[in-house]
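Below: one structure, written as structure tokens.
Readers should treat all values here as calculations from the given coordinates under stated rules, not as data from a laboratory. Quick caveat, the model's predicted, so the values are computed rather than measured. Backbone-built Cβ (ideal geometry, glycine too); neighbour counts: all protein chains shown.
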Amino acid sequence: MQINAHAKCLSSEQSSLDQLDERYSWHPFSQTSERKTFPPIHIKSGEGCWLEDEEGNRFLDGYASCWTNVHGHRCPELDEAIRAQVDRVSHSTYLGLSSEPASRVAQKLSAYSGNRLTRTFFTDTGACAVEVAIKQSLRFWQLSGQKERKKLVSMSGGYHGDTFATMSLSDESPFTSPWQEWALPVSKFKAPTHEEVGGEVSCSEQEESLRDLKRILGERQGEVACVILEPSVQGVAGMTQQPEGFLTEVSKLCREEGCHLILDEIFVGFGRLGEVLVGESKGCEADFICVGKGLSGGYLPLAACLTGEEIFEAFSGPFSEHRTFYHGHTFTANPLAASVSLASLDLLETKISKNDLNPRIKWFGKCIRKHFLEHPRVRAVRQKGFTACLELQAKPGESLSSNRRFARSVCMEARKNGVLIRPLGNSIPLVPPVCISNDEIDLLCLQTRKSLDLVTP
């Protein structure tokens with residue numbers, strides 16, 4: 001009886017929260033008219049790779065809380081870092097002031113670039129970090145007497161954020177198309193692809209992509225300010241991969257043309273692919289690197305744009321020349337966010353040095369292929385690091401209508417099986433916290449497969 005009474009009390013509280021949420025909240029990327037069929041879960045607590053709602057139901061966080069979580073929820077080292085910083089100061093402006101945590105994070109980020117990119121400009125979100133890179137590149141060319149360099153180039157399939165400049169750089173989709181008439185002019189070159197269909201690897205030759213980029217740079221010779229792309233894996237494009245050596249070749253083309261290269265590592269960085277930064281590990285010397293999401297371990301909003309001394313020095317001069325980079329955010333380099341980021345980076349370095357990530361990445365890939373590679377409702381599988389995407393089909397050779405929402409139905413079924421995942425169109429990304437165990441990987445794949453088997457296309 002006591003258990004039932006407690007359950008009723010929780011159900012009443014859940015109902016009250018539902019009413020408040022429905023009356024006052026506006027959730028991102030959510031169709032408001034579908035709230036009854038795709039209701040939000042009220043999360044009360046979390047630990048490791050698990051989240052718990054107000055009624056005591058536990059869910060495996062197969063979405064890594066929007067691809068941010070690295071070391072799990074309530075990670076002791078990260079929790080302690082925040083508590084210690086609260087005892088000092090929670091926030092002070094970065095306008096004319098500084099703090100030890102921010103300075104140390106900037107030092108670490110520079111070291112990850114081989115001390116090539118020695119300057120860190122902190123922001124609060126990844127999209128803002130990309131905005132900073134674009135603005136710094138364009139302004140650099142103005143200040144350097146090359147005002148004709150104002151063309152922007154990005155790679156097809158990209159997703160760089162939801163502000164106006166970042167939407168312009170991203171692929172045209174329902175995310176961006178309503179605002180196309182206000183978009184910045186951007187040239188886009190073809191992206192290479194890599195996926196597994198029926199056990200066979202399908203990979204479009206990178207040469208076609210590189211030729212397309214070379215054509216654009218040639219047609220716009222002396223006019224291109226910067227080229228931007230997500231290195232190695234394009235997340236929102238469905239974990240679309242690039243062949244080995246592709247980044248190095250893109251970097252060479254940018255060097256030959258004399259334009260900047262911006263790597264958007266917001267999704268792929270900080271252990272997601274097994275390394276701290278992907279571009280540097282591939283020998284790609286970018287002029288800007290944008291980071292976010294996993295920078296703070298998924299705890300607090302913190303992002304950054306890294307660049308080098310040449311670009312930094314271009315913004316120095318007498319006040320009368322107005323070379324100041326007029327850009328900033330109220331909570332730039334927030335000490336709490338910087339402190340937890342420092343702890344997260346220390347912990348990640350330790351895990352990488354102990355080879356903790358690679359064995360679990362291999363297990364993740366093995367389980368993804370075991371459960372989904374030959375599944376009749378999966379057209380293609382893409383997996384790299386702790387990222388995977390299942391591209392769904394009605395049956396072999398039969399594609400799905402975009403209005404069918406099959407992937408969404410599978411994700412709703414997975415909730416009943418204690419797994420939180422979220423669709424991308426009719427694809428299902430599986431992007432767990434980097435700390436996920438082998439047993440939890442087994443569970444994520446097994447329950448996702450069960451849900452896929454139960455839902456009718």
The ³J(HN,Hα) series, computed from each phi in segment 29-39 with the Karplus coefficients 6.51, -1.76 and 1.60 at θ = phi - 60°, rounded to the nearest Hz and given as x for glycine or proline, is 6, 10, 6, 4, 6, 9, 4, 5, 8, 9, x
Computed for segment 366-457: size of charge dipole around the Cα centre, +1 on C-beta of each Lys and Arg, -1 on C-beta of each Asp and Glu, debye to nearest 20, value 220 debye
Long-range amide H partners of THR240, meaning residues 5 or more apart or on another chain whose placed amide H is closer than 5 Å, are GLN234
Per its Cα gyration tensor (rounded if a/c is under 1.5, else prolate when a/b beats b/c, else oblate), segment 79-352 is best filed as oblate
In this structure, among LYS151/LYS190; LYS135/LYS293; LYS36/LYS416; LYS108/LYS188; LYS108/LYS384, pairs with alpha-carbon gaps over 23 Å are LYS108/LYS188; LYS108/LYS384
For segment 79-352, percent of DSSP beta bridges that are antiparallel (nearest 5) comes out at 50 percent
Per-residue Cβ contact counts at 10 Å, fewest first, order SER209, SER173, SER232 as SER173, SER209, SER232
Filtered hits (aspartates and glutamates, Cα-Cα < 18 Å from LYS366, offset >= 8 within chain) -> GLU195, GLU196, GLU200, ASP356, GLU374, GLU391, ASP439, GLU440, ASP442
Restricting to Cα pairs under 8 Å and 6 or more apart, the percent relative contact order of the chain works out to 21 percent
Using alpha carbon centers only, segment 256-310 is separated from segment 344-396 by a whole-angstrom value of 21 Å
Answer in debye to the nearest 20: the dipole magnitude of the chain about its Cα centre, from +1 Lys/Arg and -1 Asp/Glu charges placed on Cβ, is 500 debye
Taking alpha-carbon centroids only, segment 18-72 lies from segment 155-169 a number of Å equal to 26 Å
Assertion target for SER316, SER137, SER110, ordered by fewest C-beta neighbours within 10 angstrom first, is SER316, SER110, SER137
Along the dipole axis of segment 298-390 (charges at Cβ: +1 for Lys and Arg, -1 for Asp and Glu; origin at the Cα centre), the most positive-end residue among ALA388, THR324, ILE368 is ILE368
Counted neighbours (other Cβ, 10 Å), sorted fewest up, put ASP124, ASP439 in the order ASP439, ASP124
Checked against the positive end of the charge dipole of the chain (+1 on Cβ of Lys and Arg, -1 on Cβ of Asp and Glu, about the Cα centre), the farthest of THR456, SER65, ASN334 is THR456
For semi-axes √(5λ) of the Cα gyration tensor in Å the list reads (1) 41, 28, 20; (2) 36, 28, 21; (3) 36, 25, 18; the calculated value is entry (2)
